[in-house]
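To start, the structure itself, in structure tokens.
The values are calculated or read from the model by the stated rules, or taken from the named source; none is laboratory data. Here the structure is a predicted model, which means the values were calculated and not measured. Here the Cβ is made from the backbone with ideal geometry for all residues, glycine too, and neighbour counts use every protein chain on show. For accessibility, only protein heavy atoms count, side chains too; no ligands or nucleic acids. Shrake-Rupley method; radii C 1.70, N 1.55, O 1.52, S 1.80 Å.
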Amino acid sequence: MTGRSISAWLSGKRQARLPALVASCESASPGTFDALNSRVCLWAACVWCFLVAFPTTAVEWAGVPLVIASLIGVRRIWRVAWRSLFTPEFIFPALFAAWQFVTLLWSTDAKLGAGQAGACRWLWSIVLLAPVMAHRRALIAALALGFLVGNASQLLHALGTHFNIAAITWNRLPGRNSGWWDPVVGGSLLTAALGLHLPTAIAGRGRSFITALLACIITLVAILATGTRGAILAAATLIFVIAILALFRTSSRRTVVMRLAVVLVLAGAGIGAAWPKIGPPLRARIDTGIKEARSAFDETDTIASTTTDTGARVAMARWSAASFISRPIAGVGAGSMRSIFRDHWSHLGMPPSQSFGHSHAHNTYLHILATTGLIGAALALAAIAIALRNALRRAANFGSYDAAPFAALVGLLLVGAFDTIHVNSQTAALLTLLLSLSTAWKPPEPPTPPEKTARAFRGVGE
């Protein structure tokens, strides 16, 4: 391949045929098997998007209907699926996943590393969602609806803890309400969910603006309810980033400023209403986090400063950076971080059994650098850069839900500074789904259903 052809491939120009092929997948004659399969694939794709926001077990099985429907209709979709396998948005995530498995050759815990690298198992989503990408807005709507159901689980937990109804509560620490999600994972997922609605809430209009505004308020309260401090910081940064982008990508900057003020005021009102319930424990966690961070920076390499919640994260960040420096090119191998952390704590005098639970850096970027080196970091960077570029292209109308995957992806990347999003199953599934919705090619408009012809009245005797 020449430099020009590689450039055309990276830019997406070589995918010019995909929109027409996707449209042909939707053009089956009514009443035929292909038309039925097309409809089933669309519903199965919506189920996949909807269930991504559910607990881990549901996420693991959510894609099975789409896989089965796609296999049944392979004759109809194979041209689109085959071409999707050779797009940059699939190749670079696949290469990063493959490199993680290669690093198992020198990993100190290949079994754990295989499990962490196995979080790439949703890459099929990039291929199987392409044939239904004409319905991209329906897929985004299904994803947003799934998150609102997750918020309903938080409401149930709040009611259950308040009225002492064990049947509708989850096993959570006092003051932390993440519904059916783990608090840390829930905070990460909800930061991306906030991104789904922010562009429309800031720069949208009409009914979609009202919907997005209400969803933003619900999601912001939900993030605070989880008590996840990293997610709170990431959500605040996300609001700032999307607001700046909206100022540059919309014609009326005054409208953007006013809408942002409305979002912040109403969100403040919603948070104020929920504050008696979520405020005291959240304030206590923030105060504790500040004290632990100060202790971690003032008294490095002591058991007392490295075993607190925040102190352990600071220590693991330092040890991950040291691991990267020790093997900068290829990394120490996927799955190695748990034994590295245990060795550091053992050197400080902590029994190995007490440090067994920490298996990743709690920071996506440090974890990638430490375990896969500059090679893995370059592949991951290429995959994310292409996804962000593609998602921003699809956000031509920044005040609509067309921009939702871009803002959600930005939110997930921001919270990646506090969570290892490519290792945790639920965040990895959501990340892959957002990559799937970020195509370099513009999806065709969904076909309009044929108009039903009115039955002609036949008079008596005709």
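List of remarks:
- Sorting CYS216, CYS120 by accessible area puts them as CYS120, CYS216; the probe is 1.4 Å, largest comes first, and only protein heavy atoms count.
- The stretch 1-139: C-alpha gyration tensor shape, a/c 1.5 cut-off, then a/b vs b/c: oblate
- Under 16 Å from the ALA23 label point (7 Å along Cα→beta-carbon), backbone N, the stretch 115-136: 131-136
- The mean sequence distance of close C-alpha pairs (under 8 Å, at least 6 residues apart), as a share of the length of the stretch 275-433, puts its relative contact order at 19 percent.
- At the residue level, ARG342 shows approximately 70 square angstrom of accessible surface with a 1.4 angstrom probe and all protein chains present.
- Compared with the dominant Cα axis of the chain, that is its longest principal axis, helix 183-203 is turned about 50°.
- Gain upon complete extension [ILE329, ARG39; 0.36 nm per residue less C-alpha separation]: 99.7 nm
- Modelled spin-label separation between ARG205 and MET258, with each label point placed 7 Å from Cα along the Cα-to-Cβ direction: 1.1 nm.
- Between helix 309-326 and the chain there is an angle of about 90 degrees, using the helix long axis and the longest principal axis of the Cα atoms.
- Per residue of the chain, the DSSP helices (runs of n ≥ 4 H) give a summed -39500 (n - 2.57) that works out to -22500 deg cm²/dmol at 222 nm.
- Length gained on full extension, LEU145 to ALA8, computed as 0.36 nm times the residue gap minus the Cα-Cα distance: 45.7 nm.
- Taking label positions 7 Å along the Cα-Cβ direction at both PHE240 and ALA94, the computed distance is 3.9 nm, reported to one decimal.
- Cα-based shape type of the stretch 55-97, given that a ≥ b ≥ c are square roots of the gyration tensor eigenvalues and the cut on a/c is 1.5: oblate
- Pairwise Cα inverse-distance average, inverted: Kirkwood Rh of the stretch 141-252 (Å): 14.6
- Computed with a 1.4 Å probe over protein heavy atoms only, the accessible area of THR307 comes to about 70 Å².
- Kirkwood-type hydrodynamic radius, the chain: 23.6 Å, calculated from all non-identical alpha-carbon pairs.
- Theoretical gain in end-to-end length, LEU71 to PHE248 [0.36 nm per residue, Cα-Cα removed]: 59.4 nm
- Ordered from highest to lowest accessible area with the whole protein assembly present and a 1.4 Å probe, ILE165, ILE77 read as ILE165, ILE77.
- In percent, rounded to a whole number, the relative contact order of the chain is 24, using alpha-carbon pairs under 8 Å and six or more apart.
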